[in-house]
Amino acid sequence: MATERLPDRLAAPVDGASLGVFRAAFGLMMLYSIVRFWAKGWISELYIEPELLFPYWGFSWLEPWPGIGMYVHFAVLGVLACLIMLGLWSRPALVLFFVGFTYVELLDRTTYLNHYYFISILSLLLAFLPVERAVSLSRWLGRTTGPQSVPHWALIVVRCQVGLVYVFAGLAKLRADWLLRGEPLHTWLAARSDIPWIGAWLDDQAVAIGASWAGALFDLCIVPLLLWRRTRVPAYCALVGFHLVTGYLFSIGVFPIVMILGATIFFEPSWPRRFMRRPAAPPSEASHEPQAAGLRRPLAWLGATLIAIHFAFQLAFPMRNLLYPGDTLWTEEGYRFGWRVMLMEKTGEIDLRVVDNRDGRSWLVSPRERLTPFQYRMMATQPDMMLTFAHHLASEWHDRGHEDVSVYAEAWAALNGRRRQRLVDPHVDLAKETEGWAPKRWIVPLAPDPDIDDLGNSSVAVSEPPDPIAH
Amino acid sequence: MNPRSLFLCLVLALVLGCSGSSEPAFDQSALVDSLGTVVIIPTYEAFADEADALAIEAEAFCADPTVSALESLQAQWRSARVRWKQNDVIAFGPYREQPWRLGPRIDFFPVREDTIAENLAVDEPFTLERVSALGTASRGLATMEFLIFDTDGVDAALSRLQGEDGAQACDYAVALAQDLSVNAEAMVTAWSEDGDNYLGSLLDSGEPGTQFDSVRAVTNEIVNRMLFVADDIRVKKLGAPLGVETGGEPRPDEVESRYSDHSLADILANLDGLENLYQGEFEGTSGISVREWVETRNRRVAGEVLDEIENTRSAVLAIPEPLRLSVETDPALVETAIDAAFELRNAIGIDMVNALGSTVNFNDTDGD
C-alpha cells in the first residue's frame with residue numbers, strides 16, 4: 001500500500017457511510033435552518049419588506065421573487081433539503097439547492113455570514129461526490145446498487161473544505177486585538193456577565209485573553225488533531241464543547257451545529273456502521289481497480305483538475321485582502337468569503353448628503369428612515385454598502401429631475417473598542433465612484449488609538465481623536 | 001509537543017484566564033431595577049402630578065376664562081410638557097406595547113388641525129368618556145396645546161376659548177386634561193410593583209410572557225432609546241425645521257410644540273431625561289447608572305457622553321426662542337446645535353455601543 005502511486009491512493013475505495021451521514025446531516029441542518037428562517041419571519045423581514053437590497057457587485061440584476069415567491073422559494077429549498085437528507089435524487093437536489101440558496105445569499109450583502117457561504121460551497125461540492133452510495137433512501141429502495149464504497153478522494157475533498165474553515169479562522173485570529181487585548185471577546189463576554197455562576201469571570205480581561213488564545217489554538221490545531229486517530233476523540237469532544245459554548249454565549253444561529261456535524265467527516269469512513277444493524281461488507285480490492293483505472297480516464301482527470309482549481313481558489317480567495325491597503329477589519333475590502341469569524345465589534349453611524357450641483361441645494365438623508373435596522377447596522381460599517389446606497393440616492397434624485405447630483409457620506413465608526421473615527425472621506429463624491437474590486441481610496445485608513453494601539457510606544461502620541469480629514 | 005501536552009496547555013490557558021481577578025461583574029439587573037425605581041417611575045409620577053394639576057387648572061379656567069387663568073393654565077401645560085418630554089427616552093414598554101400603548105394617547109405628533117376642527121364641529125358635549133373614545137390624533141398634550149395656545153399671544157388664544165364656540169373648545173380642553181390625568185396615572189400603574197409591575201417583568205425577562213428574552217435585551221433597549229433621542233433631536237426636532245431634509249428650505253411647521261413656542265424647552269427636557277437616565281438620578285435621588293456601566297468598560301467614553309450632552313444643551317440654549325422663527329433668522333445657531341447633537345449621537349451610537357457590545361436597533365438575525 002505504501003508504494004501505491006498517489007492517483008491510486010486517492011482512488012482507493014473507502015466505506016461511503018461517513019459521507020452518507022455527512023450528506024444526511026447536511027440536509028437535516030438545511031431543513032432545520034429553513035424552517036427556523038421561516039418561523040422567525042426572516043423571509044419577509046429580510047427579502048420582502050426592505051425598500052432596497054444590497055446585491056453583490058455584478059449581481060444587481062437579481063431581484064427577489066414577487067408576491068409570495070420568496071416563500072415558495074424557501075419551501076422548495078426545504079423540499080430539496082429533505083431529498084438531500086434522505087438521499088433521494090441527491091445530485092439534482094444538491095445542484096438546485098446550491099443555486100437556490102446562493103441566489104438568496106446574493107440578493108443582499110446585509111445577510112452575509114461565513115456559514116452561509118460555507119453552505120453554498122458544500123452543496124456544490126457534494127453535488128459532484130458519490131454521496132448516495134450509503135445511508136440513503138436510494139440505496140434502501142434499490143435505486144442505488146453496487147458497492148457502498150466511495151473513492152478516498154471524495155472524503156478528502158470534504159475534509160479539506162471543512163478544514164479550511166478552521167485554518168483560515170485561526171490564521172485570522174493572529175492579530176494584536178485578539179491575542180493581546182482579548183478583543184472583541186472581552187466586550188462580548190462582558191456583555192454576558194449576567195450569566196449565573198460564571199458571569200463575574202466573563203467581565204475579566206484575563207479570561208477574555210485566555211479564551212482568545214484558546215480559540216486561536218483550537219482553530220489552528222483542531223484539523224490535525226481530528227485527523228490523527230490517537231487524538232481524534234478528545235479533539236472532537238473539545239470541538240463539541242467549543243461550539244456549544246460559543247453557541248450559548250453568542251448569537252451565531254446554526255453555525256455551531258453545522259460545524260459539530262460537519263466535523264464527523266474526519267472520523268473513520270465506516271464509523272456509522274457501529275450504530276447500524278447490518279454493517280456493509282468492507283470495500284474489496286476488486287472494487288479498487290476499476291476506480292483506480294477510472295481516475296486515469298480523461299473525465300476523471302477533468303474532475304481532478306476542477307477540484308484542484310476549486311481548492312486553489314479556496315486557498316487564494318480568502319487571502320485577497322493582502323492585495324488591499326489598510327486593516328481588513330476596518331476597510332472590509334477582501335473581508336467576506338475569508339472565514340474571518342467573530343473578529344470584530346464594529347459600530348458605526350452614517351448620514352449622506354445629496355447635493356444638486358446646479359443650484360447648490362442639499363438634502364440630508366438619514367438612512368435609518370429608508371433601511372431596516374439590520375441593513376442600517378451593516379451599512380454603517382461597510383464601505384461598499386455605503387457606495388451602493390449612495391448610488392441609489394443619486395439615481396433617485398436623478399429621477400426626481402436633479403440631473404447633476406453629488407452624494408457625500410458622513411460616516412464614523414469604532415472598531416474593537418477604539419475611539420470613533422471617520423470611515424469615509426466626506427469630500428469624495430460617492431456618486432462618481434464605481435463599484436468593483438479595485439481598492440476604495442476614499443476609505444479613511446484606521447488611525448492608531450493612543451489608548452489602545454500605543455502599547456507603550458511613546459513615539460505614537462495622539463492627544464485628540466484622530467481626524468485625517470480635518471483641515 | 002505530544003497531543004496530551006497540547007491538550008493540557010489548552011486547559012491551562014483557560015484555567016489561567018479564569019484564575020485572574022474575579023471582581024463582581026456589573027449587575028445589569030440591578031441597573032434596570034435602579035433605573036426603574038429611581039428614574040423612570042418617579043418621572044412618570046411627576047408627570048402624573050402635573051397632569052392632575054393640569055386638569056384642575058383647565059376646569060378653573062373654563063369656569064372663569066380670564067387672561068390670568070389662561071396664563072396659569074398655559075404655565076401648567078408647560079410644566080406637564082417638560083415632565084413628559086423627559087420621558088421620551090424611555091418610550092418603550094407601556095408607552096407603546098399593548099394592552100397599554102399609552103404614549104400616543106398622551107402625545108400624538110404632528111397635530112391634526114382638521115381632525116380637531118371636526119371634533120369641535122360635532123354637536124355633542126365634551127366629556128372624559130367622549131374624549132377617551134376618540135383616536136389618538138384627537139387626544140393628548142399636543143391637541144390641548146393647539147386649543148389653549150396661539151402664536152399671536154394669550155389674548156388671541158383667549159378669544160378662541162370664549163363665547164359659545166369657545167366654550168366647546170374649552171370643554172374639549174378640560175376633557176383632554178382629564179384624559180391626560182387618567183393616562184398618566186395608568187402609566188404609573190403599568191410600571192409600578194403594586195400595579196401591572198412592568199418593571200418586575202423586565203427583571204424577569206426571559207420567562208414566559210415577558211417582552212424581552214433577557215435582562216441584557218432590556219439594557220440594550222435602553223441604550224437604543226438613548227441613541228434614538230439624540231438622533232431625533234438632530235434630525236427631526238432641529239434638522240427638519242431647518243430644512244436639512246428638504247433642500248435647505250426652512251420648514252417652521254415641522255417644529256414640535258409650535259403653538260406654544262415650547263420647542264426648545266421640549267428638546268432641553270429630552271436632554272434632561274437622557275442625562276437622568278444616564279446618570280441614574282432624578283430630583284436629587286441617585287441609584288445605579290448607565291454611566292457606571294459604561295465606566296466599567298471605558299472611562300473615556302463614559303465621560304465623553306456626559307460632555308456631549310452638555311455641549312448639546314449649551315448649543316440648544318444658544319438658539320433664541322422661538323425655534324419656528326430661529327430656523328429662518330438664526331440658521332447658523334441651529335446648525336451648531338445640530339452638529340452638537342451629531343456628536344452626541346455618535347458618542348452614544350458608536351463609542352458607547354462599541355464599548356458595551358450592544359446591538360443598535362436590536363435584531364436577532366444571526367451573526368458570526
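The values are calculated or read from the model by the stated rules, or taken from the named source; none is laboratory data. Everything numeric here is computed off the predicted structure, so don't read it as measured data. Backbone-built Cβ (ideal geometry, glycine too); neighbour counts: all protein chains shown.
If residue A:87 satisfies every condition in (1) in contact with an Asp or Glu (Cβ under 8 Å, 6 or more places away or on another chain); (2) within 30 Å of residue A:381 (Cβ to Cβ) but one, which is the exception?
(2)
Under 6 Å between Cβ atoms, at least 6 apart or on separate chains: pull out the pairs that start in the stretch B:23-52 with a residue that is closer than 19 Å to residue B:92 by Cβ and end on any residue that is hydroxyl-bearing (Ser, Thr, Tyr).
B:28/B:219; B:38/B:285
Just to be sure before I move on: is residue B:13 at pLDDT below 90, closer than 30 Å to residue A:220 by Cα and buried (at least 18 other Cβ atoms within 10 Å of the Cβ) in the structure I sent?
Yes; evaluated as a whole, the condition is true for this residue.
Among the residues of the stretch B:224-244, is there at least one that is surrounded by 20 or more Cβ atoms within 10 Å (Cβ to Cβ), within 14 Å of chain A (Cβ to nearest Cβ), in a loop (DSSP other than H, G, I, E, B) and touching a strand residue (DSSP E or B) at 6+ places or on another chain (Cβ under 7 Å)?
yes
Based on this model, can you work out whether residue B:219 counts as surrounded by fewer than 20 Cβ atoms within 10 Å (Cβ to Cβ), at pLDDT below 95 and within 24 Å of the chain's Cα centre (by Cα)?
No.
How many residues does the stretch A:14-44 contain that are more than 19 Å from residue A:71 (Cα to Cα) and either touching an Asp or Glu at 6+ places or on another chain (Cβ under 8 Å) or not in a helix (DSSP H, G or I) (or both)?
Count: 6.
Picking from A:199, A:210, which residue would you name as being modelled with pLDDT under 95 and either buried (at least 21 other Cβ atoms within 10 Å of the Cβ) or at the interface with chain B (Cβ under 7 Å from one of its Cβ atoms) (or both)?
Only one candidate qualifies: A:199.
Please go through the stretch A:146-194 and pick out each residue that is more than 11 Å from every other protein chain (Cβ to nearest Cβ), over 24 Å from the mean Cα position of the chain (by Cα) and either more than 18 Å from residue A:346 (Cα to Cα) or in a helix (DSSP H, G or I) (or both).
Scanning the stretch A:146-194 gives A:146, A:147, A:148, A:149, A:150, A:151, A:152, A:153, A:180.
Of all residues in the stretch A:419-441, which are over 25 Å from the mean Cα position of the chain (by Cα), more than 18 Å from residue B:342 (Cβ to Cβ) and part of a loop (DSSP other than H, G, I, E, B)?
A:428, A:429, A:433, A:434, A:441
If you scan the stretch A:34-72, which residues turn out to be under 14 Å from residue A:105 (Cα atoms), touching a residue at least 40 places away in the same chain (Cβ under 8 Å) and surrounded by 15 or more Cβ atoms within 10 Å (Cβ to Cβ)?
A:34, A:46, A:47, A:53, A:54, A:55, A:56, A:64, listed by residue number.
Kindly provide the set of residues from the stretch A:45-61 that are away from chain B (no Cβ under 14 Å), part of a loop (DSSP other than H, G, I, E, B) and not polar (S, T, N, Q), ordered by number.
A:51, A:52, A:53, A:54, A:55, A:56, A:57, A:58, A:59, A:61
Of all residues being without any contact (Cβ under 8 Å) to a residue 60 or more places away in the chain and assigned to a helix (DSSP H, G or I) in the stretch A:361-385, which is nearest to the other protein chains (Cβ to nearest Cβ)? Just the residue, please. Full working, then the answer.
Here is the first cut: in the stretch A:361-385, the ones without any contact (Cβ under 8 Å) to a residue 60 or more places away in the chain are A:361-369, A:373, A:376-377, A:380-381.
Then keep just the ones that are assigned to a helix (DSSP H, G or I); that gives A:367-369, A:373, A:376-377.
On the way: A:367: 11, A:368: 7, A:369: 8, A:373: 3, A:376: 7, A:377: 5 Å.
So the residue we want is A:373.
For the stretch A:386-398, state whether one or more residues are in a strand (DSSP E or B) and either more than 9 Å from every other protein chain (Cβ to nearest Cβ) or modelled with pLDDT under 95 (or both). It would help to see each step written out before you state the result.
Filtering the stretch A:386-398 down to residues in a strand (DSSP E or B) leaves none.
Within the stretch A:386-398 (the criterion being in a strand (DSSP E or B) and either more than 9 Å from every other protein chain (Cβ to nearest Cβ) or modelled with pLDDT under 95 (or both)), the answer is no, since none of the residues qualifies.
Of the residues that sit in the stretch A:217-227 and are surrounded by fewer than 20 Cβ atoms within 10 Å (Cβ to Cβ) and more than 7 Å from chain B (Cβ to nearest Cβ), which one is farthest from residue A:167 (Cα to Cα)? Let's see the steps before the verdict.
From the stretch A:217-227, those surrounded by fewer than 20 Cβ atoms within 10 Å (Cβ to Cβ) are A:217, A:220, A:224, A:227; that's our starting set.
Filter again for more than 7 Å from chain B (Cβ to nearest Cβ), leaving A:220, A:224, A:227.
Working: A:220: 5, A:224: 10, A:227: 14 Å.
Selected residue: A:227.
Condition (residue is within 23 Å of the chain's Cα centre (by Cα), of a type in the set (Val, Ile, Thr) and either modelled with pLDDT of 95 or more or not in a loop (DSSP other than H, G, I, E, B) (or both)) applied to the stretch A:77-91: is it met by at least one residue?
There is at least one residue in the stretch A:77-91 that is within 23 Å of the chain's Cα centre (by Cα), of a type in the set (Val, Ile, Thr) and either modelled with pLDDT of 95 or more or not in a loop (DSSP other than H, G, I, E, B) (or both).
Restricting the search to the stretch A:311-349, which residues are at the interface with chain B (Cβ under 10 Å from one of its Cβ atoms) and outside any loop (DSSP other than H, G, I, E, B)?
A:346, A:347, A:348, A:349
Please tell me if residue B:267 is closer than 30 Å to residue B:155 by Cβ, in a loop (DSSP other than H, G, I, E, B), away from chain A (no Cβ under 14 Å) and within 22 Å of the chain's Cα centre (by Cα).
no
Tell me, which residue of the stretch A:240-260 that is more than 10 Å from every other protein chain (Cβ to nearest Cβ) and of a type in the set (Gly, Ala, Ser) is farthest from the chain's Cα centre (by Cα)?
Once the filter is applied, the top-ranked residue is A:241.
Just to verify a result, which residue in the stretch B:175-209, among those that are in contact (Cβ under 8 Å) with a residue 60 or more places away in the chain and not in a helix (DSSP H, G or I), is farthest from residue B:33 (Cα to Cα)?
Within the stretch B:175-209, the match that is farthest from residue B:33 (Cα to Cα) is B:196.
Considering only the stretch B:153-174, state which residues are out of contact with any Phe, Trp or Tyr (no Cβ under 9 Å at 6 or more places or on another chain) and in contact (Cβ under 8 Å) with a residue 60 or more places away in the chain.
Across the stretch B:153-174, the qualifying residues are B:154, B:155, B:158, B:162, B:166, B:167.
Since residue B:164 meets every condition but one in (1) surrounded by fewer than 18 Cβ atoms within 10 Å (Cβ to Cβ); (2) under 22 Å from the mean Cα position of the chain (by Cα), which condition does it not meet?
(2)
So, residue B:273, is that one touching a residue at least 24 places away in the same chain (Cβ under 8 Å) and surrounded by 24 or more Cβ atoms within 10 Å (Cβ to Cβ) or not? Lay out the reasoning, then the answer.
Values: touching a residue at least 24 places away in the same chain (Cβ under 8 Å): yes; surrounded by 24 or more Cβ atoms within 10 Å (Cβ to Cβ): yes.
Considered against the rule, which asks whether it is touching a residue at least 24 places away in the same chain (Cβ under 8 Å) and surrounded by 24 or more Cβ atoms within 10 Å (Cβ to Cβ), residue B:273 comes out as yes.
Hey, does the stretch B:120-135 have a residue that's part of a helix (DSSP H, G or I), farther than 16 Å from residue B:61 by Cβ and over 30 Å from the mean Cα position of the chain (by Cα)? Please lay out each step first, then the result.
Step one: list which residues in the stretch B:120-135 are part of a helix (DSSP H, G or I), which gives B:120-121, B:128-133.
Of the ones still in play, those that are also farther than 16 Å from residue B:61 by Cβ are B:120-121, B:128-133.
Filter once more, so that each one left must be over 30 Å from the mean Cα position of the chain (by Cα): B:121.
Yes, the stretch B:120-135 has at least one match.
Going through the stretch B:122-137 one residue at a time, which ones are without any contact (Cβ under 8 Å) to a residue 24 or more places away in the chain and not small (Gly, Ala, Ser)?
B:122, B:123, B:124, B:129, B:134
Being crowded, with 16+ Cβ neighbours inside 10 Å, among the basic types (Lys, Arg) and under 30 Å from residue A:154 (Cβ atoms), is that true of even one residue in the stretch A:12-28?
yes
Kindly indicate the residue of the stretch A:398-419 that is free of Cβ contacts under 8 Å to residues at least 60 places away in the same chain and buried (at least 16 other Cβ atoms within 10 Å of the Cβ) and also farthest from residue B:348 (Cα to Cα) among those meeting that condition. Talk me through it step by step, then tell me what you get.
Residues of the stretch A:398-419 free of Cβ contacts under 8 Å to residues at least 60 places away in the same chain: A:398-409, A:418-419.
With buried (at least 16 other Cβ atoms within 10 Å of the Cβ) added as a condition, the list becomes A:402, A:405-409, A:418-419.
On the way: A:402: 35, A:405: 32, A:406: 29, A:407: 25, A:408: 23, A:409: 19, A:418: 14, A:419: 12 Å.
Of everything passing the filter in the stretch A:398-419, A:402 is farthest from residue B:348 (Cα to Cα).
Kindly indicate the residue of the stretch B:138-152 that is touching a residue at least 60 places away in the same chain (Cβ under 8 Å) and in a loop (DSSP other than H, G, I, E, B) and also surrounded by the fewest Cβ atoms within 10 Å (Cβ to Cβ) among those meeting that condition.
Once the filter is applied, the top-ranked residue is B:151.
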